[in-house]
Every structure is written in structure tokens, then in C-alpha cells.
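Here the structure is laid out as C-alpha cells; the discussion comes afterwards.
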Amino acid sequence: MLLSLPQELVEIVLFHYACADDDGRTCSLRPLELTCRALRRVILLSNDLAARVFRAKFATSRHAGMERLTAAEWRYQLALYEGALACVQRRPVIDGNSEHMAGETMSLDELLWKLYVMCHDDDESGANRRQLDIVGTYDWIQDLILNHLNHSANGWPADNTTNTLLLWIFWFLTTKERILTESPSISDAIVKLILPFVVGHFRYATAWAPPNHFYLPLSSQVVLSRRRLNQIHYLSVETPHGSFPKYRQHLPKWNHVFFGRRMNLTEPLITIAAKLCYFVRRECFAYRIPIGLPPTRAQAGSNIGPTLEDIHELNRHLLGGPAGRGGGTRIGCNFSRAEWERLRNCADPWQGAPHTHIYTPGTMSGLWVGRMSIPVEPRLAEMLSTAELNPATSEMSLGMITAPMYMRIEELVSRCGAPVLPSTTRLRSTFDDGMFNAYFQCFTFRDAREVYTSTPPSQGASRTIPRRAQGVQDVVLRGTTDSRHAQAWNDYSYYGRIRQWDGMVTLMRVGGPTSLFLYGYITGDGRGLVGNWRIGTGEVGVPSYEGAFTMGRVDETPIA
């Protein structure tokens, strides 16, 4: 009866069978394929059926050129996603600390790569996130983190593919509701597991290339070994945790077949995901109000220090604030184009293009609010001095405190053909490109104003290279502290630059007892910044007093 209809109508019936529930899982067409050859031929040879089913259930606006895909390519990706979701739904048993999943044909890493790419491919529709939630991916990943987060022989969690993808998928699926309803015991257990990634800047890579480099990719003449004295080499420092600084030289470990096409991807930074997962669990708690504070700034007069009004304002920015318009650590955002481009192009500091258009001009312009985590320096030094991780290591044992951060950034850009401000000359003896002066040489912001153009705030992360990013050869940042925030939390000034190779944001914070060097990456929808602060003096090639920070850009556009 069905096959007596025209093929177009048969395909419509098959589509509604596969997508009977708009918000549910796809019904497999495999049983229908087995009924007869004629129906199987319609399903396999249709140029439109697989594409319609995929578009109905998964995000499709992430990449350009999808209208040119063939029926076989649509079927391949549909089967890839559905197979990964079905595997999660079966809750496979992991054999100890191995990658093997009992009863499955794929390894754990292969499954995690598929889920991670599905996260990256999601768009504003949230279709992929919805499918991942239907099969309970968040709870399954959480269980793996709590019970299978791999540790190395000396007690430190391993920086490997499994742990990296677990934390990034976990972060993508994190919502404000899940964080606020998470039990204290689970929250504390997760924090304890990921804390070494947050504080261990001497053991784990905190940037795609060490921040002492501004000019990338590195020359092939630059090597890390002391033995090849006929070449320029960086005299790396050996520590109980390996050489420092940390250079990532990752070859793509798995070629993801994307719509039937092989695509080289490298692992993202595990430390960024760990910081995000850490800070959201600490932003669940409001800043406490000390006794005796003046109620308002007006009543405090010229006195320096926070008021009740300042504490309340700070608490309004936790977890992105109401309706996601505030600062703090933003939750529930999709991955950006910049994060995808780093996976493709920044695996090795000796490769890639000097200007990648990863950074979108205007992203840093505006008011940023966040916090930095500050451990006690001698206790951090104790962790550095031994290869063994003390099982009792915790926020309390490290004496960690939190300090608020406010900055208002102005951004200037130079495009191709325009002059570029001089940078610090390479110092071959220490291999320092001028990190502690934000890579400037005798810099004043007036110099930048004369040759660079101001950039207004961007409206969010773009899925493709935006027009404003094309032709950009340098981005300069200048920051101040708004007067009311300066009176409450100290008056700091900022100046910095964007590293074009990977879009790393760098800032020098001056004012107060000591200067700080800040470096990090824009995350999510383009309004999050996560990274590390470091004391702005000393030798750049040795571990220093350093900690993590997170900030969010406040949406100051008027509400219509």
C-alpha cells in the first residue's frame, strides 16, 4: 500500500515516522529497511530524506556549504550522532581506567570525541544540546568524572584525551539550574578532583603556547633541547613536574569523520574547562557582607573600601547575573568559532599562520566583572617542590581566597596597510618577547590613538569570520576602573595586546602593591574570559606566583 504512492509522498511518510516526536529521539528507519528491497531503496537512495531528518533533530547552521552535502554524507552523520546517543543511553560499563567499554565496538575516547563535536556543532536552536539531554549525557559524564577521572602514578589527574573531553562536555551541558541544585557533597567532590588543574600552572599547559611568546608560530630553528648547541634554543627549566614553560606539541589523536570527510582536530586545553567548572561552583555562594559597612557609596564619602551597595552589586553578577546580562562566569553558552579554529590550527606552536582571525575585534570592549582565586604563595610553592600530590590538597590547605575584578576596556585595531606599534625586540637569551610589558616597547596609549581605530563592542561570537576581523594585524587594549568600583576595590589600570596566532588576551594590571600579568581566552558567546594571573616581575621562564581568574562582559545595551 505504501509503495503504491509516489516516491515524494513515501519520503514524507518516512520522515514523519522518523520524527514522530518533535522534541524526542529519532525513530530508526532500519527496521523499515529490512521489510523489503523497494522500501530499502527509497530510504538509501533518497536525496532528501536523511537531510530532512537530520535538520529536524540536530543543529545545521554551524558550518557553511552544508547545502552541497550528498545523501550519503547526511546519512553518515545522522548514523554517527544517533549511534553515539544510543551508546550513552545504554550506559556502557568502563573497564577500570582503560578506554574499553564493555559490549561496545567503539572506545570511550571515540565516543567522547563524537559527543564533543556534537557540542561544538550546536547552534542557537539548541537542538544538539536537547538530544544530549534526552539520553542523560550530563549525568553519565558526571558519573565518569566522579569515578573514573584518570590519575597518574603520583596522584595528579592526567592531562589526557579522556579527561579533557569529559570536562569540556560536562561544561557545555552545565546549566544554572543544575549547578544550583547540585548537592554540596557532589559539588565538593568535583572541586577536589579538578582543583589540581586550576592551581597547577607549573604542571599543566595554561595556554596553547606559553605566554612568554608573542610572535608565533615559532621558527623551525628554535628547539627545546640543550644538546643541539648549533641552533637557537630555549633553556627550559626542569621541575619535579617536567619542563617549564609547557609547550603543547599535540598531533591530532583522532581524525573525526565529519559528514564522511576526515578532519584533523587536536585536544582543547583541559585547564580552561577545569577553571570554568570550578568557578561556577564557587559562584553559587554570594559574597558575605562584613559587619559595619556603610550602606551606600554616598554615605561612605571619600573612604576607600566596599559598601553594602558594592557587595550587592557584586553578587548580582554571579553566574552571569539576571537574564545573563551580568558579568561573572557565564553558563549555557555555545562554543564559538574561535574555539573551533584553535582545535584546527593551534596544535603546535611551530605551525599555523601568524594571523588567524581567531579573535573578533570588539570582543574585549566594555565593562568586565569577575573574580580571581588567590592561593597562599608558600603552600603553592610546596606543591611545586614535589612530584607527589598530597591527597589532602584542598582549597583550605592552599588557603585560597577570592578577590573581585572590575575593568572597563577600550580596544583599538590596526588593519593591513596601517602602521603597527613597535613590539619588544626578541631577547634570545631568555626567549622573552616582552611579556611583562604586554609585548610593547616604550608604549603610551596616545601612540595607539594616533594610528589605530577604536572598535565598538561586538554583539556576540560569530560562527564565521566576521567582516570586522578581516585584515586586522594588531589589537591593542587599554583599561581603567570605573570610579565607584575603584573606590570599593582599588583603582587599577590595564594595557595589553591580542596574540594573533591563537587569540590569547594579554593584559598588564598596574596599581596597588604589585603589577599582574593576565592572560586567557574568550569563551562561549564572546562575553567570557578565562585564564591566569601572574606576578608581573621576575623571570618569565620559571614557575612563578600564579592563579586563575574568570570574568564576564556586562551587557550594557538598553533593554527595549
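The values are calculated or read from the model by the stated rules, or taken from the named source; none is laboratory data. All values reported here derive from a predicted model rather than from experimental measurement. A quick note on method: Cβ atoms are made from the backbone with ideal geometry, for glycine too, and the neighbour counts reach across all protein chains shown. Protein only, heavy atoms only, side chains kept; ligands, DNA and RNA dropped before computing areas. Shrake-Rupley method; radii C 1.70, N 1.55, O 1.52, S 1.80 Å.
What the table shows:
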item	result
Sole exception among (1) within 32 Å of the chain's Cα centre (by Cα); (2) free of Cβ contacts under 8 Å to residues at least 12 places away in the same chain for A298, by number	(1)
Selection status of W368, in a strand (DSSP E or B), of a type in the set (F, W, Y) and touching a Leu at 6+ places or on another chain (Cβ under 8 Å)	yes
Evaluation of L276 against (1) at pLDDT 95 or above; (2) part of a loop (DSSP other than H, G, I, E, B) (one fails), failing number	(2)
A338 vs. criteria in contact with a Ser or Thr (Cβ under 8 Å, 6 or more places away or on another chain) and open to solvent by 10 Å² or more (accessible area, probe 1.4 Å)	yes
Qualifying positions in the range 124-138 - open to solvent by 10 Å² or more (accessible area, probe 1.4 Å), closer than 12 Å to A59 by Cα and of a type outside the set (G, A, S)	E124, R129, R130
Of all residues making up the range 9-26, the number that are modelled with pLDDT under 80 and open to solvent by 40 Å² or more (accessible area, probe 1.4 Å)	2
Enumeration of residues in the range 538-560 that are closer than 27 Å to S365 by Cα and open to solvent by 10 Å² or more (accessible area, probe 1.4 Å)	R553, V554, D555, E556, T557, P558, I559, A560
Every pair of residues 6+ apart whose Cβ atoms lie under 6 Å, when the first sits in the range 27-44 and is crowded, with 16+ Cβ neighbours inside 10 Å while the second is part of a helix (DSSP H, G or I) and among the charged types (D, E, K, R)	I43/E33
Residue in the range 60-74 that is in contact with a Gly (Cβ under 8 Å, 6 or more places away or on another chain) and modelled with pLDDT of 85 or more present	yes
Residue match in the range 92-101 (condition: buried (at least 19 other Cβ atoms within 10 Å of the Cβ), of a type in the set (A, V, I, L, M) and farther than 25 Å from A20 by Cβ)	yes
Residue check, Y287 over 30 Å from L80 (Cα atoms) and open to solvent by less than 20 Å² (accessible area, probe 1.4 Å)	no
Condition broken by T35, with the remaining ones in (1) part of a loop (DSSP other than H, G, I, E, B); (2) among the hydroxyl-bearing types (S, T, Y); (3) within 29 Å of T137 (Cβ to Cβ) satisfied	(3)
